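**Q** Okay, handing you the structure first.
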Amino acid sequence: LVVRAAFVDEYKSGINWTEPKVIDPGPVGGPPSDAIVLFDGKDLSQWQGGEKWPIQDGYVTSKGGGITTKAGFGDCQLHVEWAAPDEVKGSGQGRGNSGVYLMGKYEVQILDSFDNETYFDGQCGAIYKQQPPTVNACRKPGEWQTYDILFTAPRFAEDGQVEKPGYVTVLHNGVAVHNHFELQGSTSYTEPPKYSKHADKLPLHIQFHGNATRFRNIWVREAVAPIVGKKP
Ligand code: MG
């Protein structure tokens with residue numbers, strides 16, 4: 001029998017916290033009320049290059065070149081839904097290839113990796129040529145898939161030195177495939193990763209790699225900094 005004392009000293013931190021803002025999380029998959037909606041199934045007016053991508057039935061299909069947001073983003077939470085073509089054509093890197101480029105520099109690979117061999121640090125969910133995903137959580141070609149990405153942008157000193165590297169956490173179809181992965185620099189096909197000093201905010205980019213990959217429900221949240229408290 002555990003007898004609890006009627007009066008105990010409760011621990012209190014003494015910190016005066018700013019009240020967390022009330023938001024509406026929205027439907028499953030969002031967008032939450034404080035998100036910037038980048039694609040709602042109707043238009044790509046927030047993107048450059050979007051005029052080449054045909055929109056139908058609430059989704060858009062990649063075609064003729066990549067698309068780049070008009071606005072820049074640094075630290076953020078990003079939600080992207082995508083589907084590889086349902087007709088399987090090609091193999092390896094040639095199947096449903098696209099990619100989400102954070103700050104236009106750091107690629108989270110999109111690929112149809114359902115029963116499709118390729119190099120592991122280039123398969124679906126990889127931080128391209130830096131780190132394979134922890135598991136292959138790919139759905140079948142043609143099925144809708146989700147990426148939920150938490151990104152901390154790198155910080156640079158005046159002289160260009162990396163003060164803090166970038167970090168990325170990726171959930172693929174709700175499965176953690178990267179947990180606070182330390183980016184080694186930009187992701188390139190031809191060069192090893194390297195950092196070069198850039199602005200605090202840069203546009204997001206979605207790659208066109210010759211395949212008709214579909215997208216829908218794209219949104220981003222910038223309010224990802226911790227609430228600040230004050231000791232009285
Ligand atoms: Mg790619």
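The values are calculated or read from the model by the stated rules, or taken from the named source; none is laboratory data. Because the structure is predicted, anything quoted here is derived from the model rather than measured. As a convention, Cβ positions derive from the backbone with ideal geometry for all residues, glycine included, and neighbour counts pool all protein chains shown.
**Q** Which one of the conditions (1) buried (at least 19 other Cβ atoms within 10 Å of the Cβ); (2) out of contact with any Ser or Thr (no Cβ under 8 Å at 6 or more places or on another chain); (3) closer than 23 Å to I67 by Cβ does H198 fail to meet, given that it meets all the rest?
**A** (1)
**Q** S186 - would you say it is out of contact with any His (no Cβ under 8 Å at 6 or more places or on another chain), more than 16 Å from the ligand (Cβ to nearest atom), among the polar types (S, T, N, Q) and part of a loop (DSSP other than H, G, I, E, B)?
**A** Considered against the rule, which asks whether it is out of contact with any His (no Cβ under 8 Å at 6 or more places or on another chain), more than 16 Å from the ligand (Cβ to nearest atom), among the polar types (S, T, N, Q) and part of a loop (DSSP other than H, G, I, E, B), S186 comes out as no.
**Q** Further question: Quick check on V162: is it crowded, with 20+ Cβ neighbours inside 10 Å, modelled with pLDDT of 95 or more and either closer than 22 Å to H205 by Cα or among the hydrophobic types (A, V, I, L, M, F, W, C) (or both)?
**A** Taking the combined requirement at face value, the residue does not satisfy it.
**Q** Take T190 and tell me if it is of a type in the set (S, T, N, Q) and surrounded by 14 or more Cβ atoms within 10 Å (Cβ to Cβ).
**A** For T190, the condition - of a type in the set (S, T, N, Q) and surrounded by 14 or more Cβ atoms within 10 Å (Cβ to Cβ) - is not met.
**Q** Considering only residues of segment 97-115 that are touching a residue at least 60 places away in the same chain (Cβ under 8 Å) and among the hydrophobic types (A, V, I, L, M, F, W, C), which is nearest to the ligand (Cβ to nearest atom)?
**A** I110
**Q** Shifting gears a bit: Out of all the residues in segment 13-26, is one or more touching a residue at least 24 places away in the same chain (Cβ under 8 Å), surrounded by 16 or more Cβ atoms within 10 Å (Cβ to Cβ) and not in a loop (DSSP other than H, G, I, E, B)?
**A** Taking every residue of segment 13-26 in turn, none turns out to be touching a residue at least 24 places away in the same chain (Cβ under 8 Å), surrounded by 16 or more Cβ atoms within 10 Å (Cβ to Cβ) and not in a loop (DSSP other than H, G, I, E, B).
**Q** Might you let me know whether segment 56-66 holds any residue that is touching a Phe, Trp or Tyr at 6+ places or on another chain (Cβ under 9 Å) and closer than 25 Å to P32 by Cβ?
**A** Yes, there is a match, as at least one residue in segment 56-66 is touching a Phe, Trp or Tyr at 6+ places or on another chain (Cβ under 9 Å) and closer than 25 Å to P32 by Cβ.
**Q** Would you say H180 is touching a residue at least 60 places away in the same chain (Cβ under 8 Å) and either in a loop (DSSP other than H, G, I, E, B) or away from the ligand (no atom under 14 Å from the Cβ) (or both)?
**A** No: the conditions fail for H180.
**Q** Still on this structure, I have one more. Regarding T118, is this residue more than 16 Å from D75 (Cα to Cα) and within 16 Å of the ligand (Cβ to nearest atom)?
**A** It is true that T118 is more than 16 Å from D75 (Cα to Cα) and within 16 Å of the ligand (Cβ to nearest atom).
**Q** May I ask you to list the residues in segment 200-213 that are within 17 Å of V108 (Cβ to Cβ), more than 13 Å from the ligand (Cβ to nearest atom) and not hydrophobic (A, V, I, L, M, F, W, C)?
**A** Result: P203, single match.
**Q** Six or more apart or on different chains, Cβ atoms under 6 Å: show the pairs whose first residue is in segment 118-134 and more than 17 Å from S98 (Cβ to Cβ) and whose second is near the ligand (Cβ under 10 Å from one of its atoms) and not charged (D, E, K, R).
**A** Close Cβ pairs satisfying both conditions: P132/A126.
**Q** Here is a follow-up. Could you figure out which of (1) assigned to a loop (DSSP other than H, G, I, E, B); (2) within 14 Å of the ligand (Cβ to nearest atom); (3) not aliphatic (A, V, I, L, M) isn't true of K197?
**A** Answer for K197: the failing condition is (2).
**Q** Something else: State all residues of segment 130-165 that are in a loop (DSSP other than H, G, I, E, B), among the aliphatic types (A, V, I, L, M) and touching a Lys or Arg at 6+ places or on another chain (Cβ under 9 Å); if no residue qualifies, say none.
**A** Within segment 130-165, A153, A157 meet the criteria.
**Q** Sticking with this one: Considering each residue of segment 75-96, count those that are among the aliphatic types (A, V, I, L, M) and either in contact with a His (Cβ under 7 Å, 6 or more places away or on another chain) or within 14 Å of the ligand (Cβ to nearest atom) (or both), and give that number.
**A** Counting residues in segment 75-96 that are among the aliphatic types (A, V, I, L, M) and either in contact with a His (Cβ under 7 Å, 6 or more places away or on another chain) or within 14 Å of the ligand (Cβ to nearest atom) (or both) gives 2.
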